[in-house]
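Q: Mind having a look at this structure? Questions to follow.
The values are calculated or read from the model by the stated rules, or taken from the named source; none is laboratory data. Small disclaimer: the values here were computed from a predicted structure and weren't measured. Here Cβ is always computed from backbone atoms with ideal geometry, including for glycine, and neighbour counts include all displayed protein chains.
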Ligand code: SAM
């Protein structure tokens, strides 16, 4: 069994191929003729290979980088329009038996208070999240087969979907939990999770082994092949990512794209999302002791190059990043952001627990969801609370074909406007509501089909009037 994982992992994350890719990128980083050809290919919006994209990432020519940023924004607009999907993380438990050297949940950390939410506490957290207006959650937990069992997760998912409170309901539960078996992935699919998210942390096997010295997560091959098992278990929306700062970013970038290429080749559908977390200070973790941190400029370039390489894949940014950085990368390809997040277990109900702070990492963006929504609209983005694709079974390749067909503007744009209107009626502050209604009225004309436009106008009217009664 373990040999099969190892063979599979080596097949698609091939260390020699990554090293050769980096050497090729170095040799060609000033080859403006080749770079121009790669940019022409990227402009066709059908993606780039890991080698091509790595050349763009290595290029230091300022004028070329400006072209990369401009194209990244065009690609984002072509597939995702000006919509930004909103979500929040929900931390279930920080019990963990792994030894990850960068994560405060590691087993030997005796200072962080350990906590696991009961079903009653989950309900209370969900009500607090619904009261902000959230409809989409990402569940987070450490790895601990005694405390955090699959049965616990399944019960938590049922509990979350069952909470009906005022006008709210959580309509999509994504899961970021440790690599597991095909049978467990099947159970998660049956429990109707949305995306299964798992960060690779680093694709560099030797570094991975140093950074994960103990616990089940120390098995690089098992971790690296998790998405293959998730797909085999029927989960067709999977989210990948790297924790930038652990190893060299250009290595990680090539590995990430090779992973996406593998999923596309093996299952006919690439990753649904890519996350780009950067390492942060946390309880007993000092991020400055890790020497591979990247600056904001490099981070922006990385996001833009991912956008060019995988145009259809959603890209997620969390509150690990500051308002300024988030504002910048929203124009370079990001399509989902979190808002009003807490990374402590129970943090939405009790932000200052007596036992002390159990946060997983320090936040750089601590604004409320309402503030983030208003800020997005001030930059002409449409915050979307829509979960319709998932609710109507458009996952995996069915979602991707809708995206590739260009019909998404007739489908997602109306849904985004209607869910934003619901948000404005039920949860927004008066200032946010004024800006929101203006932007909705203006955006109706951006729904291409006349029929779809009529439906939106009728539904917006219903939403506005229902709330007046
Ligand atoms: N237990 C799951 C696993 O093994 O992947 C979920 C892990 S955790 C709840 C979610 C992610 O937080 C991790 O995959 C890691 O990338 C990230 N993380 C851990 N420590 C961090 C830190 N100090 N700063 C920023 N992100 C961190």
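Q: Inside the stretch 205-320, counting only helices (runs of 4 or more DSSP H) that do not spill past its ends, which hold 2 or more residues that are more than 16 Å from the ligand (Cβ to nearest atom) and either farther than 17 Å from residue 336 by Cβ or modelled with pLDDT of 95 or more (or both)?
A: 205-211, 226-232, 249-267, 296-309
Q: Let me ask something additional. For residue 104, all conditions in the list (1) within 9 Å of the ligand (Cβ to nearest atom); (2) more than 22 Å from residue 279 (Cβ to Cβ) hold save one; what is the number of the exception?
A: Unmet condition: (2).
Q: Still on this structure, please answer the following. So in the stretch 182-204, with the set limited to residues that are closer than 12 Å to residue 238 by Cβ and assigned to a helix (DSSP H, G or I), which one is farthest from the ligand (Cβ to nearest atom)?
A: 189
Q: Determine, yes or no, whether residue 136 is closer than 16 Å to residue 88 by Cα, buried (at least 23 other Cβ atoms within 10 Å of the Cβ) and either free of Cβ contacts under 8 Å to residues at least 12 places away in the same chain or under 23 Å from the mean Cα position of the chain (by Cα) (or both).
A: So residue 136 fits the description; yes.
Q: Only residues that are over 25 Å from residue 416 (Cβ atoms), over 20 Å from the mean Cα position of the chain (by Cα) and touching a residue at least 60 places away in the same chain (Cβ under 8 Å): list them for the stretch 324-378, please.
A: Selection gives 346, 347, 349, 353, 355, 356, 357, 358.
Q: Looking at the structure I just gave you, is residue 356 at pLDDT 70 or above and on the phi > 0 side of the Ramachandran plot?
A: yes
Q: Does residue 177 satisfy being within 11 Å of the ligand (Cβ to nearest atom), touching a strand residue (DSSP E or B) at 6+ places or on another chain (Cβ under 7 Å) and modelled with pLDDT of 95 or more?
A: Answer is yes for this residue.
Q: Only one of these is within 14 Å of the ligand (Cβ to nearest atom), modelled with pLDDT under 95, crowded, with 20+ Cβ neighbours inside 10 Å and assigned to a loop (DSSP other than H, G, I, E, B): 112, 170. Name it.
A: Going through 112, 170 in turn, the sole match is 112.
Q: Still on this structure: Just one of 36, 40, 60 is out of contact with any helix residue (DSSP H, G or I) (no Cβ under 6 Å at 6 or more places or on another chain) and outside any helix (DSSP H, G or I); which is it?
A: Values: 36 fails: outside any helix (DSSP H, G or I); 40 fails: outside any helix (DSSP H, G or I).
Just one listed residue meets the conditions, 60.
Q: Another question, then. Hey, among 98, 65, 73, which residue is modelled with pLDDT of 95 or more, in a loop (DSSP other than H, G, I, E, B) and either within 16 Å of the ligand (Cβ to nearest atom) or surrounded by 14 or more Cβ atoms within 10 Å (Cβ to Cβ) (or both)?
A: 98
Q: Could you please give the count of residues in the stretch 153-167 that are within 16 Å of the ligand (Cβ to nearest atom) and closer than 24 Å to residue 415 by Cβ?
A: Looking only at that region, the number is 1.
Q: Would you be able to tell me the number of residues in the stretch 331-347 that are part of a loop (DSSP other than H, G, I, E, B) and within 16 Å of the ligand (Cβ to nearest atom)? I'd like the intermediate steps shown before the answer.
A: As a first pass, look at the stretch 331-347 and keep what is part of a loop (DSSP other than H, G, I, E, B): 331-335, 339-347.
From what's left, within 16 Å of the ligand (Cβ to nearest atom): 341-347.
Going through the stretch 331-347 one residue at a time, the tally reaches 7.
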